[in-house]
Amino acid sequence: MKIIHRVAATLFLSVCLLTLGMAARAGDDFHEPVMVSIPGKNYALGKYEVTQAEWEAVMGNNPSKLKGANLPVERVSWNDVQDYLKRLNQKTGKNFRLPAEAEWDYACHGGSQTQYCGGNDADAVAWHNGNSGGKSHPAGRKQANGYGLYDMSGNVWEWTGNCWEGDCAKRVLRGGGWYSIPQEVRSAIRDWEAASKGSFLIGFRLARTLP
């Protein structure tokens, strides 16, 4: 019996230490997201897609398939993102959210009407299947758009807050990704995915209503 109790106590201590370690890790290296105020509007968007380091600092895990601290986090469902936002808002005392599709669309153009978010040259502004080498890339390596937002076209698809054609079990995606052909990273392209489903092609960008 003493052996059993000793083993049980050891296991209990190990679980406690592991839990404390995970909690500490979730708080390590936390930095508030860099946001860009959209001119003439009352909201800001993330300068970059949310990275794996940013996700891990809040959630204590990294679900991504293609690993890298500065790569966009992926394999997160729309529902998973809601959990992240709840925890992020508890940490910061602010009200981060996903952008509405109309907000995303306006910000994408960066003050000008171009074929892609930031210009008419896909290679200059976007990672797509013609230049990505079959993988995502660290945030901010391509040319920013006119508002200073990076990777609005390409790299990973981005969740928005909107339901697809009134069906809220499906959510709107924008931007295209590293696996998309250049035509699919154009600023006008829309798609959808089930809110409960994550994919290594899909990430997200933060939004916040300004006071």
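Nothing in this text is a laboratory measurement; each read-out follows from the coordinates by a stated rule. Predicted model only: the values in this text are computed from it and were never measured. A quick note on method: Cβ atoms are made from the backbone with ideal geometry, for glycine too, and the neighbour counts reach across all protein chains shown.
In terms of distances greater than 25 angstrom between alpha carbons, the cross-link table entries 67/170; 65/86; 47/135; 86/142; 91/135; 67/94 yield 67/170; 86/142; 91/135; 67/94. Shape class of region 31-209 from the Cα gyration tensor (axes a ≥ b ≥ c, square roots of the eigenvalues): rounded, since a/c falls below 1.5. Backbone N atoms of region 176-211 closer than 15 Å to the 7 Å Cα→Cβ label point of residue 163 belong to residues 193-196. The relative contact order of the chain, computed from alpha carbon pairs under 8 Å that lie at least 6 residues apart in sequence, is 25 percent.
Distance between the pseudo-spin-label points of residue 32 and residue 196 (7 Å out from Cα toward the beta carbon): 3.7 nm. In the chain, taking the dipole from charged Cβ atoms about the Cα centre, the farthest positive-side position among 88, 172, 46 is held by 88. Each residue, residue 89 and residue 113, gets one label point 7 Å from its Cα in the Cβ direction; the gap between the two is 3.6 nm. Rounded to the nearest 20 debye, the dipole magnitude of region 102-193 is 200 debye, with +1 charges on Lys and Arg beta carbons, -1 on Asp and Glu beta carbons, and the Cα centre as origin.
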